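Engineer: Dropping a structure here in structure tokens format, bear with me for questions.
The values are calculated or read from the model by the stated rules, or taken from the named source; none is laboratory data. Computed from a predicted model, the values in this text were never measured in an experiment. Virtual Cβ from ideal backbone geometry, glycine too; neighbours counted across all protein chains shown. The area values use the complete protein model at the heavy-atom level, side chains included, leaving out ligands, DNA and RNA. Shrake-Rupley method; radii C 1.70, N 1.55, O 1.52, S 1.80 Å.
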Amino acid sequence: MEYKTTIGLEIHVELNTESKMFCSCKNDPLEKRPNFNICPVCTAQPGTLPVANEQAIRKTIKAGLALGCKINKESKFDRKNYFYPDLPKGYQISQYDKPFCEKGFLQIDNKNIGITRIHLEEDTGRLIHSGKDSLVDYNRAGVPLMEMVTEPDINSGKKARNFAQEIQIIFRYLNISSADMEKGQMRVEVNISLSKNEKLGTKVEIKNLNSFRVVEKAIDYEIARQSEVLDDGEKVVQETRGWDEKKQITVSQREKEEAHDYRYFPEPDLPTFRFDDDYIAEIKAEIPELPWAKRIRLRDEYGLEDDSTIENFVYNKDLGEYFEKVMSELTSWLGKKDQKITNLAVNYIITDFWALFEKAPIEELERKVDPEDFAELIKMIYKEEISSKIAKQVLSEMFESGADPSHIVEEKKLVQMTDTNEIGKIIKEVIDNNPNPVEDYKKGKENALQYLAGQVMAATRGRAKPETVQEILKEQLKQQNP
Ligand SMILES: [Zn+2]
């Protein structure tokens, strides 16, 4: 039987501030040396006082503004009390009834997913279990952690994945977090319930999902599992589950104890925060073009139609910016927009440049192959001065040596052969030297023609235009026919 699926997400993101949330320790949760970035404040020594990190607050408000949230003019921190060894104070400074941001939304697949709230808190330390010992590392304790809670507006694994991926792109554009799931900089928790009617079913929590792929799989698995339980007339147990990557299933981690009583109360050591309109306007002014706007602009401005090309340029922001720099060179050179040259640039960036992009970070790539030189290369292809095959060779030479394309072409004599007499001579030689393939072709074997064309291309070192070769080759072969 089909059930109504209701999914809400809780997303935690470590903010990329210089220092921690309430002290001046370096914010570097990936630091390998244990307990290296710690101080009396983030290890909760008696008598220490927290000081809030303004950058973290600004980044949180920025996230809220980008996601259409209402920014609370008055906001405060609260203590969330619970005991765990990775939490030195015995409470976490978090936000309870007055988070920085509330009531936003993000559109995914043409549907608004509500965002209930975005608040700021501090991350915990980390426990390391080795043999009989449990060790604690406080490098991560006190790192600013932003938590976003969605409305239960999601109904499939795919949609949850799309939402989380879009959030990652947005946070990267806003430069508030690298939001890398594998590194724990972004953590997604799923609340999922199935029901026959409008009344919500029993809520199951899925935690420790460390990639977008796993978010989608765990949800799809859970929908199937809970449907089966309900089909059998049984009750879904309220519990927390985790993902078992080996078995590709969710497994029970713990059944829900009594709802926690965190005894929230206002953090007495931090003031209430009040933001005026100017302050919020100032943060709003820092928001760059966001992915949805960029998709539309890439389509309109460059006539891009292929969704995957657009996504490539949106997801890989640097690559998209590189493309735009190249296009700006090309457009000013041509003095107008031209779809043919745009498509050429797109193709070479998505395929050949991309292959280099995998090898080196974009800053290094840009240093070696600056957009102006890349545009120069595209111009040469456009003007048919070099063949597409040579273009690939020139690009990899550019990457190796950093030289500009016209120098490489000149020095290595790679200019496209345009003299049809010259090409004709080479073709004649190839025909004379390959009597068997020529016979095969005459018997109707099309492959033989490709073989002969390949020989000609090899003889010209790729400098002849393939279409021209085909044309002259066919003609010469026809003349041979009695
Ligand atoms: Zn500290």
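Engineer: Quickly run through region 233-259 and pick out the residues that are touching a strand residue (DSSP E or B) at 6+ places or on another chain (Cβ under 9 Å) and outside any strand (DSSP E or B).
Structural biologist: Those that are touching a strand residue (DSSP E or B) at 6+ places or on another chain (Cβ under 9 Å) and outside any strand (DSSP E or B): V236, V237, Q238, K256.
Engineer: Also: Could you please let me know if G424 is outside any helix (DSSP H, G or I) and at pLDDT below 85?
Structural biologist: In short, no.
Engineer: In this structure, is K337 at negative phi, surrounded by 16 or more Cβ atoms within 10 Å (Cβ to Cβ) and among the charged types (D, E, K, R)?
Structural biologist: When the stated conditions are applied, K337 does not pass them.
Engineer: Which ones in region 353-392 are among the hydrophobic types (A, V, I, L, M, F, W, C), crowded, with 21+ Cβ neighbours inside 10 Å and outside any helix (DSSP H, G or I)?
Structural biologist: V369, I386
Engineer: Right, here's the next one. Output yes when any residue across region 190-200 is among the β-branched types (V, I, T) and within 28 Å of the chain's Cα centre (by Cα), and no when none is.
Structural biologist: Yes - at least one qualifying residue is present in region 190-200.
Engineer: Related question: Test each condition in (1) part of a helix (DSSP H, G or I); (2) over 42 Å from the mean Cα position of the chain (by Cα) for M457 and report the one that comes out false.
Structural biologist: (2)
Engineer: Right, here's the next one. Residue check: is D404 under 43 Å from the mean Cα position of the chain (by Cα) and open to solvent by less than 80 Å² (accessible area, probe 1.4 Å)?
Structural biologist: Spelling it out, D404 is indeed under 43 Å from the mean Cα position of the chain (by Cα) and open to solvent by less than 80 Å² (accessible area, probe 1.4 Å).
Engineer: Right, next: Filter region 204-224 down to the residues that are open to solvent by 50 Å² or more (accessible area, probe 1.4 Å) and assigned to a helix (DSSP H, G or I) and list them by number.
Structural biologist: Within region 204-224, R213, K217, D220, Y221, A224 meet the criteria.
Residues are listed down the side, and each one gets a yes or a no for (1) among the hydrophobic types (A, V, I, L, M, F, W, C); (2) in a strand (DSSP E or B); (3) out of contact with any helix residue (DSSP H, G or I) (no Cβ under 6 Å at 6 or more places or on another chain):
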{"residue": "Q55", "(1), (2), (3)": "no, no, yes"}
{"residue": "R79", "(1), (2), (3)": "no, yes, yes"}
{"residue": "P88", "(1), (2), (3)": "no, no, yes"}
{"residue": "K98", "(1), (2), (3)": "no, no, yes"}
{"residue": "I115", "(1), (2), (3)": "yes, yes, yes"}
{"residue": "T124", "(1), (2), (3)": "no, no, yes"}
{"residue": "L127", "(1), (2), (3)": "yes, yes, yes"}
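Engineer: Could you identify the single residue in L30, L9 that is open to solvent by 30 Å² or more (accessible area, probe 1.4 Å) and of a type in the set (A, V, I, L, M, F, W, C)?
Structural biologist: Of the residues listed, the single one that is open to solvent by 30 Å² or more (accessible area, probe 1.4 Å) and of a type in the set (A, V, I, L, M, F, W, C) is L30.
Engineer: Any idea which of (1) open to solvent by 20 Å² or more (accessible area, probe 1.4 Å); (2) modelled with pLDDT of 95 or more; (3) away from the ligand (no atom under 14 Å from the Cβ); (4) more than 15 Å from D123 (Cβ to Cβ) is the one K80 doesn't satisfy?
Structural biologist: Result: K80 fails condition (4) only.
Engineer: Would you mind stating whether I154 is β-branched (V, I, T), touching a Ser or Thr at 6+ places or on another chain (Cβ under 9 Å), within 30 Å of I192 (Cβ to Cβ) and open to solvent by less than 10 Å² (accessible area, probe 1.4 Å)?
Structural biologist: Yes: the conditions hold for I154.
Engineer: Further question on the same structure: Looking at region 42-57 only, could you name the residues that are within 11 Å of the ligand (Cβ to nearest atom), more than 30 Å from S130 (Cα to Cα) and open to solvent by 40 Å² or more (accessible area, probe 1.4 Å)?
Structural biologist: Listed by number, the residues that qualify are T48, V51.
Engineer: Still on this structure, I have one more. Being out of contact with any Gly (no Cβ under 9 Å at 6 or more places or on another chain) and buried (at least 17 other Cβ atoms within 10 Å of the Cβ) narrows it down to one residue among V314, V326; which is it?
Structural biologist: After ruling out the rest, the residue left standing is V326.
Engineer: Looking only at residues that are outside any loop (DSSP other than H, G, I, E, B) and buried (at least 20 other Cβ atoms within 10 Å of the Cβ) in region 67-77, which one is nearest to the ligand (Cβ to nearest atom)?
Structural biologist: S75
Engineer: While we're here: Checking G90 against (1) small (G, A, S); (2) more than 16 Å from the ligand (Cβ to nearest atom); (3) farther than 26 Å from Y262 by Cα, which test does it fail?
Structural biologist: (3)
Engineer: Which of the residues belonging to region 168-201 are in a strand (DSSP E or B) and either over 16 Å from L106 (Cβ atoms) or open to solvent by 20 Å² or more (accessible area, probe 1.4 Å) (or both)?
Structural biologist: Residues satisfying the conditions are R187, E189, V190, N191, I192, S193, L194, S195.
Engineer: Mind checking which residues of region 121-156 are out of contact with any strand residue (DSSP E or B) (no Cβ under 6 Å at 6 or more places or on another chain) and within 16 Å of the ligand (Cβ to nearest atom)?
Structural biologist: Hits for region 121-156 are T124, Y138, N139, A141, P144.
Engineer: For F105, indicate whether it is aromatic (F, W, Y), within 30 Å of R161 (Cβ to Cβ) and free of Cβ contacts under 8 Å to residues at least 60 places away in the same chain.
Structural biologist: Answer is yes for this residue.
Engineer: A follow-up question, please. Just give me the residues in region 1-41 being part of a strand (DSSP E or B) and either within 12 Å of Q55 (Cα to Cα) or more than 12 Å from the ligand (Cβ to nearest atom) (or both), in sequence order.
Structural biologist: Within region 1-41, K4, T5, T6, I7, G8, L9, E10, I11, H12, V13, E14, S19 meet the criteria.
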